[in-house]
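Here the structure is laid out as structure tokens; the discussion comes afterwards.
A short reminder: the numbers here are calculations on the coordinates, not readings from a lab. Given the structure is predicted, the values throughout are model-derived calculations rather than measurements. As a convention, Cβ positions derive from the backbone with ideal geometry for all residues, glycine included, and neighbour counts pool all protein chains shown.
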């Protein structure tokens, strides 16, 4: 795998044609990958400007220069390191990276034509999205405005980390970094884990940083029958995710990273819209219950958590069982 990159500290200047601002959310970062690959394939010397927390993720993309900065670095300081080094920039949202492009006075600053972002751009890109399109279209449409071809299946492929997967290894992630309304009841996770163990699977339970620690609680309930893993920092978990043949997870950042690493995913959706935000790839499944109040996208439910409460163990288990025979078989292309 080709890896190119530089950290801004210590200072090392690199230059190129297009410097792209990485979205700060993990799901959005994953949805940006096909568009970034398309820019690279167009022949432009392409870089990504991201926080240090995302560096390992972006280093998995061949031909991409990774320019990273420590978290919470001031945009003005970032700007001093990219000034006069890049011909153009592409930003998707208001962020420290987008602000750094403006402060650095990069000659051509592109991005979606949105009221808050417009003030940072020299060349706003005007395009529309159809209702219920997958979020990946937001990023592809911007690149298509630059007359760049995005319709190549390899742009959507999961990465090859060179790691052999274990077909019988299943990871469970009951925690979500999107909020408690995205999380299924822990007693139901216990039932899923027990069924996996009864079927001879090796179960790893993962917890995330900065939430209710459902993962640790689930691991404690299951005891020595499972392996416990704390996924922090998230970008460093890619090799661990790639080992597992199947990941069953609450909707959040982790299933998107697992899909990027080439792992088959079953994702439990609640307040989010699976048509809009499902992990990229044909081999994955989403499980959800249709309720009148969804998608609300709320981190904390204002009613009775019915989207999670009405999602039964049997419904989730059916989706898991359907994928167990397919787990770890990495389809060549990951078309959305």
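List 138, 230, 244, 290 from most exposed to least, where exposure is judged by having the fewest other Cβ atoms within 10 Å.
With the fewest neighbours first, 138, 230, 244, 290 line up as 290, 230, 138, 244.
Among 309, 115, 283, which one shows the biggest mean-square fluctuation in a GNM of the chain, springs joining Cα atoms closer than 10 Å?
115
For a footprinting-style exposure proxy, rank 171, 289 by other Cβ within 10 Å, fewest first.
The most exposed by this proxy come first: 289, 171.
Cα centroids of segment 181-253 and segment 84-154: how far apart, whole angstrom?
The distance from the Cα centre of segment 181-253 to that of segment 84-154 comes to 36 Å.
Using every pair of alpha-carbon atoms in segment 166-324, split the distances into 10 Å bins beginning at 0 and state the percent of pairs per bin, rounded to integers.
Cα pair-distance distribution for segment 166-324, in percent: 12, 45, 37, 6, 0.
Express the relative contact order of the chain as a whole percentage, based on alpha carbon pairs under 8 Å and six or more residues apart in sequence.
16
Summarise the long-distance tail of P(r) for the chain by giving the % of C-alpha pairs beyond 35 Å.
Looking at the chain, the distances longer than 35 Å represent 24 percent of pairs.
Looking at segment 166-324, send over the antiparallel percent of its DSSP beta bridges, to the nearest 5.
Approximately 0 percent, going by the DSSP bridge assignments.
For a quick size check, give me the Cα extents of segment 89-243 along its three principal axes, largest first, whole Å.
Sorted from largest, the Cα extents of segment 89-243 read 58, 33, 32 Å.
Any number yet on Rg/Rh for segment 31-121, C-alpha, Kirkwood?
Using Cα coordinates only, the ratio equals 0.93.
Multiply the residue separation of residue 197 and residue 126 by 0.36 nm, subtract the distance between their alpha-carbon atoms, and state the gained length in nm to one decimal.
Between residue 197 and residue 126, full extension yields an extra 20.4 nm.
Please report the antiparallel percentage of DSSP beta bridges with both residues in segment 4-156, rounded to the nearest 5.
0
How many nm separate the modelled label positions at residue 80 and residue 312, each set 7 Å beyond the Cα in the direction of the Cβ?
So the two model labels end up 6.3 nm from each other.
In what sequence do 293, 173, 307 fall when counting other Cβ within 10 Å, fewest first?
Final ranking by Cβ density, sparse to dense: 293, 307, 173.
Restricting the calculation to Cα positions, tell me the Rg (one decimal) and the Dmax (whole number) of segment 4-156 in Å.
Cα radius of gyration and Dmax of segment 4-156 are 14.2, 45 Å respectively.
Taking a label point 7 Å from the Cα of residue 62 along the Cα→Cβ vector, which residues of segment 138-155 have an amide N closer than 19 Å to it?
Output list for this probe position: 149-155.
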